[in-house]
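Here's the structure, in structure tokens; my notes come after.
The values are calculated or read from the model by the stated rules, or taken from the named source; none is laboratory data. Just so it is clear, the structure is predicted and the values come from calculations on it, not from any experiment. Don't worry about glycine lacking a Cβ; one is built from the backbone with ideal geometry, like all the others, and counts go over all protein chains shown.
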Amino acid sequence: MDKSIGIGEVFTPLKWAEWLINRWAIFEAWRDGAHICDPTAGRGSFVRALLHIARRKGIPITPERLSRLTLIEVNAAHLAWFRKNVKQEFGIDFPVSQFFCQDVIMESHARKYDILVGNPPWANFGDLPSDYKTRVKPFFLAEELVPDKQQLLLGSSRIDIAALILKIVLGRLLKKSGVGYFYLPISLFFGDGAHRGFRNYCANQRNFAVDTVYEFTSSQVFKGVNTLYCCAKFRCDTRQTFPVSYFRELSGKWTQHKAVPFKDSAGPWRVVRHLNELDTDPRLDIHLSTAQTPRQGVNTCGANGVFIFENKPSDLPEEFLYPLATKEIWRQDASSFPRKWILLPYHQQTGKPMSWHQIQEHTALKDYLESAQEVLQTRRGTLLRSVIDRGYWWALFGVGPYSFAPFKVIWEAYGKSQFRPIVLSCIGGQVWQGNQSMHAFIPCWSEDAAQRIRNTLENPEIPMLLRQLNGAGKCNWAQPGKIKKILSFRESQDPQKNKAYA
Ligand SMILES: C[S@@+](CC[C@H](N)C(=O)[O-])C[C@H]1O[C@@H](n2cnc3c(N)ncnc32)[C@H](O)[C@@H]1O
């Protein structure tokens, strides 16, 4: 890696480095002889915090004690900053033997430690610089974080590099039964799909177990960071058992909860106050055809300004304009008054984008799309690029035959804590569309089927389980993958049956 590139640089404020150190008596362990390493040390917040605590407590910072503090960091400038700061603050020449300017993923490190502490970089695989992505890919596969390369490119690109670094350092840098303490994105424990591979609790053929987690809900440890985070204690060479001690910050206090995996040991965690709450398990048997798999709404891939309208445009052909769901539909019965419209230059029967030749038959549509061609052609995203490269620069994501089913059982999927599926059909012959990840839906081809599915989904145990899965108020509240998982959908490949169910 270009050692000046900042990957996931979110430095821990000194105050919070001390907080974590005090929570788990890491200072006392160091004072009494433990070897400690921050494997992605940045400017060394945790080591500086240890030095501050020593000074406050009047514990001498001896050369022997310094020889038991190690910093690994890919960016040499951060280590230089640390060295200068420690010299200024403490008058200490921090021993150079304790610095390793290296990439902890790709370069080997010979020493082993009793304790690892830190805050590994937070960045989605998909957001890494492309040459680094190529080089780091084999390590994601080796650590079993994704089953194959294709998955890394597709759904698992949301996997966090913190998951990889954590597995690498727990598996390679800890002495027998060593412990690790880290600030982490909370998705490692609750993310479905992308983080399952982390939850095999095995790194470099060594078991590791999550011992305790503290979930921050109001304290601003990392200001301006959108990611939801926690801190956790890990123990190596120990099998994972459940429940895990789980503390959640509620009204300024830590309340004790318990976390257990959902469905299988690698499943996302459910968090409850008492284990008897785990009896919640809707396991609703819903008959659905493969064509009715739950979906997210339509995604313009960053071109809302081109495809979405506050008022129905009178100059574009009506047959390509569809009512777009907005929150008002769930607040009041606004389903006969769309607040927004979306342009879909698609065939309703096939769910495929129209060809340019066909678009040219509608002069107003052609002129409109051409006026936005540059914006549409420069949209980003691996999958979208492959469609654009095939010439369909007017394409959107999340459009298929299901988008044009005459009925949708649709719900708000993002950032909510209520689960309210409703049935939507058409306005002036045009079917309602969901908006990106804000909405999820099950397409239906008869009103009866839609009402039946809606009635089944109204089970109050569903939102209860969604809350236990830590989704309330979060982006993955009731996303299609999650709903698919919590219900026992019985899909059928048989086209006859498909018809009957739909
Ligand atoms: C989230 S910051 C945390 C730094 C420090 N532990 C703290 O808590 O303030 C992560 C650091 O990891 C470094 N980093 C990123 N990838 C790395 C790698 N592969 N090997 C070593 N360090 C890395 C970044 O340069 C950054 O300084």
**Message:** Could you check the stretch 332-347 and list, in sequence order, the residues that are modelled with pLDDT of 95 or more and assigned to a loop (DSSP other than H, G, I, E, B)?
**Reply:** 344, 345, 347
**Message:** Looking at the structure I just gave you, is residue 82 assigned to a helix (DSSP H, G or I), surrounded by 18 or more Cβ atoms within 10 Å (Cβ to Cβ) and within 14 Å of the ligand (Cβ to nearest atom)?
**Reply:** yes
**Message:** Only one of 55, 65 is closer than 26 Å to residue 177 by Cβ and in the same structural domain as residue 214 (by TED's automatic domain parsing). Can you tell me which?
**Reply:** 65
**Prompt:** Between a first residue in the stretch 100-118 that is more than 7 Å from the ligand (Cβ to nearest atom) and a second residue that is assigned to a loop (DSSP other than H, G, I, E, B) and among the charged types (D, E, K, R), which pairs have beta carbons less than 8 Å apart while being 6 or more apart in sequence or on different chains?
**Reply:** 101/3
**Request:** All but one of (1) surrounded by fewer than 17 Cβ atoms within 10 Å (Cβ to Cβ); (2) without any contact (Cβ under 8 Å) to a residue 24 or more places away in the chain hold for residue 225, so report the exception by its number.
**Result:** (2)
**Request:** Determine whether residue 340 is surrounded by 15 or more Cβ atoms within 10 Å (Cβ to Cβ), free of Cβ contacts under 8 Å to residues at least 24 places away in the same chain and not assigned by TED's automatic domain parsing to the domain that holds residue 192.
**Result:** no
**Request:** Identify, from the list 61, 7, the residue that is over 13 Å from residue 117 (Cα atoms) and modelled with pLDDT under 95.
**Result:** 7
**Asked** Residue check: is residue 264 free of Cβ contacts under 8 Å to residues at least 40 places away in the same chain, assigned to a loop (DSSP other than H, G, I, E, B), not assigned by TED's automatic domain parsing to the domain that holds residue 419 and not hydrophobic (A, V, I, L, M, F, W, C)?
**Response** yes
**Message:** Here is a check on your reading of the model: is residue 472 buried (at least 22 other Cβ atoms within 10 Å of the Cβ) and either over 27 Å from residue 305 (Cβ atoms) or at pLDDT 95 or above (or both)?
**Reply:** no
**Asked** Take the residues of the stretch 362-419 that are without any contact (Cβ under 8 Å) to a residue 60 or more places away in the chain and among the β-branched types (Val, Ile, Thr): which is nearest to residue 292 (Cα to Cα)?
**Response** 409
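Okay, residues lined up against (1) within 16 Å of the ligand (Cβ to nearest atom); (2) in a strand (DSSP E or B); (3) touching an Asp or Glu at 6+ places or on another chain (Cβ under 9 Å); (4) not assigned by TED's automatic domain parsing to the domain that holds residue 104:
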position: 46; (1), (2), (3), (4): yes, no, yes, no
position: 50; (1), (2), (3), (4): yes, no, yes, no
position: 60; (1), (2), (3), (4): no, no, no, no
position: 70; (1), (2), (3), (4): yes, yes, yes, no
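Let's see how each residue does on (1) surrounded by fewer than 20 Cβ atoms within 10 Å (Cβ to Cβ); (2) among the basic types (Lys, Arg):
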{"residue": "357", "(1), (2)": "yes, no"}
{"residue": "360", "(1), (2)": "yes, no"}
{"residue": "373", "(1), (2)": "yes, no"}
{"residue": "379", "(1), (2)": "yes, yes"}
{"residue": "390", "(1), (2)": "yes, yes"}
{"residue": "398", "(1), (2)": "yes, no"}
{"residue": "410", "(1), (2)": "no, no"}
{"residue": "421", "(1), (2)": "no, no"}
{"residue": "424", "(1), (2)": "no, no"}
**Item:** Number of the exception - residue 42 against (1) in contact with a His (Cβ under 6 Å, 6 or more places away or on another chain); (2) part of a loop (DSSP other than H, G, I, E, B); (3) more than 9 Å from the ligand (Cβ to nearest atom)
**Value:** (3)
**Asked** In the set 54, 17, which member is free of Cβ contacts under 8 Å to residues at least 60 places away in the same chain, in contact with a Ser or Thr (Cβ under 6 Å, 6 or more places away or on another chain) and either among the small types (Gly, Ala, Ser) or closer than 26 Å to residue 161 by Cβ (or both)?
**Response** 17
**Asked** If you check residue 245 against the conditions, is it modelled with pLDDT under 95 and out of contact with any helix residue (DSSP H, G or I) (no Cβ under 6 Å at 6 or more places or on another chain)?
**Response** no
**Request:** Return a yes/no flag: does the stretch 8-16 have any residue that is touching an Asp or Glu at 6+ places or on another chain (Cβ under 9 Å), in a loop (DSSP other than H, G, I, E, B) and more than 9 Å from the ligand (Cβ to nearest atom).
**Result:** no
**Message:** Please go through the stretch 169-196 and give me each residue that is more than 24 Å from residue 16 (Cα to Cα) and either within 16 Å of the ligand (Cβ to nearest atom) or modelled with pLDDT under 95 (or both), ordered by number.
**Reply:** 171, 172, 191, 192, 193, 194, 195, 196
**Request:** Mind listing just one residue for me: the one in the stretch 17-39 that is acidic (Asp, Glu) and buried (at least 21 other Cβ atoms within 10 Å of the Cβ) and, of those, farthest from the ligand (Cβ to nearest atom)?
**Result:** 18
**Request:** Tell me which of these residue 329 doesn't satisfy, since it passes every other one: (1) β-branched (Val, Ile, Thr); (2) assigned to a loop (DSSP other than H, G, I, E, B); (3) in contact (Cβ under 8 Å) with a residue 60 or more places away in the chain.
**Result:** (2)
**Fill in**
Of those in the stretch 297-326 that are in contact with a helix residue (DSSP H, G or I) (Cβ under 7 Å, 6 or more places away or on another chain) and part of a loop (DSSP other than H, G, I, E, B), the residue nearest to residue 411 (Cα to Cα) is 297
